[in-house]
Amino acid sequence: MMMFVILFILSVSSTYGNWSKYGGTLENTHFQRMKGAMSSTPDVKWSYVTGDNVESFGPTVGDVDGDGNVEVVVGSTDDTVYCLNGSTGTLKWSYATGDEVESSPAIGDVDGDGKLEVVVGSLGNKVYCLNGSTGTPEWSYATGNEVWASPAVADVDGDGKLEVVVGSLDNKVYCLDGSTGIPKWSYVTGNQVYSSPAIVDVDGDGSVEVLVGSLDTKVYCLNGLTGTPKWSYAIGSSVFSSPAVCDVDGDLSVEVLVGSLDTKVYCLNGSTGIPKWTYATGSAVYSSPAIADIDADGSVEVVIGSWDNKVYCLNGSTGTPKWSYDAQSDVLRGISIADIDGDSKIEVLVPNNTTDSLVSLNGEDGSILWGKVLDYDVHDITIADIDGDECVELVLGTYGENKVWVLDDMANATGCGPLAVEEKSTVNNKQLPVTAKIIKDNIYLSLQNSASVKLSLYDITGRLLNVIFDGSLSSGSYTFTPPQADIKRSGIYFAILKAANVTYPLKIIKF
């Protein structure tokens, strides 16, 4: 009989956006909930040399071969996808695509066989689905032009099966059947698509939408079932930035955040696409947003880079700047955020586009905590526990020496767990209207009033495994059980329960 131990590791915390990384969760908010122990400049845990530049949009991590350990999957412009042992960096398998790989891989059981696949695009005008254990192709689909965008894997049409959604330079967004690679639908934009999709129910109708930008100056919200547009919004110039989706202003509905080459950051209403606010930087915004309450003030911030050499931290409700950081070089890549030093405060990781440095900033004020010299042109950063020690590492690629890098704390700390910011247990002098108890392998939730509730299950890397429940509940008591199909192996998992604007991280240990 399966046994779980579920422990509260946090009494109450502020509401944060979900962590996302291309190929990870689908909101694209670049926020990792797992903590680290890098209180000073981290060490190089390992590096792996590829045959050419390591892809622009960052590695993806997961137990792709089912051995109970995490792998790092990354592409290179040497026309190869690599699968590396997360603990040691040794090669498990590689696959030659025949053309350059700039896309970040996505990981999921796209054919429903109980095993994970790796889905990745190439500049050879193809999308590949690779067996996670061996790297052998299960299918490939030829687009009409290069695929720079990173694919997303989700059930977008509500049929209980996963689809692959990806954009191409042939001006199209494709929704491919996860089992066969055959298109279910495609949508023609007015220009090339470099932007990677976010897949979220943005209008609260119970079905998901696909959010993506195009060089035709538009952000599109597409119906996940049909690919037809629900709305589009024309901004001032091309959109390379990948949209992020989060409730940034606390109105209980989500917004879409994206940058543009017109120098601006846009916050759009998720239901209509109408701007709520814009913020003008000093130059083009290629970077994708990172979103969380990074200063623990109870409200959400948006962090994004610009070609004016700056990183901006913007108030999520108004778009007004809280702080900015002068990177002294173009900031092209996406920002990543997490509590990487274990102090229960969020840090901001800035990859530098034209120098060889990686910088960690204090989320509260943008001051420098440390800098790390690596190699020319540091690319998007994946933050995840890849060696099973319950503390996150930093995984990234560079040009120059053509390496995949993993950075870790010098003391090799263990047991960091998820972010836990202890805060007040009342709001407006009233007790919070939510209680939860753990009995055996069940989560019992009691609501004093009707509330929006979301219960999500993550693996130790921070990758979303399943949304157990997402909807409105009336007052009363409810029971949730982690799906056994999602927790197949011994190890550590995390459930994030959001109810009545309160977030409860839960630690699940399977024996």
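Annotations
- Those strands (runs of 3 or more DSSP E) of the stretch 183-226 in which 2 or more residues are within 20 Å of Asn145 (Cα to Cα) and over 23 Å from the mean Cα position of the chain (by Cα) occupy 183-188.
- Looking across the stretch 109-122, the residues that are out of contact with any Cys (no Cβ under 6 Å at 6 or more places or on another chain), buried (at least 23 other Cβ atoms within 10 Å of the Cβ) and of a type outside the set (A, V, I, L, M, F, W, C) come down to Gly121, Ser122.
- Comparison of Trp46, Trp93 shows that the only residue that is of a type in the set (Phe, Trp, Tyr), touching a Gly at 6+ places or on another chain (Cβ under 7 Å), farther than 28 Å from Ser357 by Cβ and modelled with pLDDT of 95 or more is Trp93.
- Subset of the stretch 104-149 (residues that are among the aromatic types (Phe, Trp, Tyr) and closer than 23 Å to Ser242 by Cβ): Tyr128, Tyr141, Trp148
- Residue in the stretch 298-312 that is farther than 21 Å from Asn53 by Cα, open to solvent by 30 Å² or more (accessible area, probe 1.4 Å) and outside any loop (DSSP other than H, G, I, E, B) present: yes
- Sole exception among (1) modelled with pLDDT under 95; (2) over 24 Å from Gly334 (Cα atoms); (3) open to solvent by less than 30 Å² (accessible area, probe 1.4 Å) for Glu102, by number: (2)
- Among residues of the stretch 371-393 that are within 26 Å of Asp459 (Cβ to Cβ) and at pLDDT 90 or above, those with a Cβ under 7 angstrom from a residue that is of a type in the set (S, T, N, Q) and not in a loop (DSSP other than H, G, I, E, B), sequence gap 6+ or separate chain, pair up as Ile381/Ser336; Thr382/Thr60; Ile383/Ser336.
- Verdict on Gly236 being open to solvent by 10 Å² or more (accessible area, probe 1.4 Å), within 16 Å of Leu314 (Cβ to Cβ), touching a residue at least 24 places away in the same chain (Cβ under 8 Å) and outside any strand (DSSP E or B): no
- Against the conditions (1) touching a Leu at 6+ places or on another chain (Cβ under 7 Å); (2) free of Cβ contacts under 8 Å to residues at least 12 places away in the same chain, Val164 satisfies every one except (2).
For (1) open to solvent by less than 40 Å² (accessible area, probe 1.4 Å); (2) at pLDDT 80 or above; (3) within 26 Å of Cys313 (Cα to Cα), each residue gets a yes or a no:
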{"residue": "Val404", "(1), (2), (3)": "yes, yes, no"}
{"residue": "Glu422", "(1), (2), (3)": "no, no, yes"}
{"residue": "Asn428", "(1), (2), (3)": "no, no, no"}
{"residue": "Lys437", "(1), (2), (3)": "no, no, no"}
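- Check on Ile291, surrounded by 24 or more Cβ atoms within 10 Å (Cβ to Cβ), touching a His at 6+ places or on another chain (Cβ under 7 Å) and not in a loop (DSSP other than H, G, I, E, B): no
- Of all residues in the stretch 149-179, exactly one satisfies the criterion of being open to solvent by 60 Å² or more (accessible area, probe 1.4 Å) and either in a strand (DSSP E or B) or of a type in the set (Phe, Trp, Tyr) (or both), namely Lys172.
- Matching residues in the stretch 239-262 - criterion: being out of contact with any strand residue (DSSP E or B) (no Cβ under 6 Å at 6 or more places or on another chain), under 20 Å from Thr25 (Cβ atoms) and either open to solvent by less than 10 Å² (accessible area, probe 1.4 Å) or assigned to a strand (DSSP E or B) (or both): Ser242
- Enumeration of residues in the stretch 313-336 that are in a loop (DSSP other than H, G, I, E, B), small (Gly, Ala, Ser) and closer than 12 Å to Thr281 by Cα: Gly319
- The stretch 51-69, subset of a type outside the set (Asp, Glu) and open to solvent by 20 Å² or more (accessible area, probe 1.4 Å), residue farthest from the chain's Cα centre (by Cα): Gly51
- Taken over the stretch 348-367, the criterion of being in a strand (DSSP E or B), open to solvent by 10 Å² or more (accessible area, probe 1.4 Å) and not β-branched (Val, Ile, Thr) is satisfied by Ser357, Asn362.
- The single condition from (1) within 16 Å of Asp408 (Cα to Cα); (2) open to solvent by less than 10 Å² (accessible area, probe 1.4 Å); (3) part of a loop (DSSP other than H, G, I, E, B) that Asp389 fails is (2).
The values are calculated or read from the model by the stated rules, or taken from the named source; none is laboratory data. Worth saying up front: this structure is predicted, and the values here are computed from it rather than measured. Every residue, glycine among them, receives a Cβ derived from its backbone with ideal geometry; neighbour counts consider all protein chains shown. Quick note on the areas: whole protein, heavy atoms, side chains included, nothing else; ligands and nucleic acids left out. Shrake-Rupley method; radii C 1.70, N 1.55, O 1.52, S 1.80 Å.
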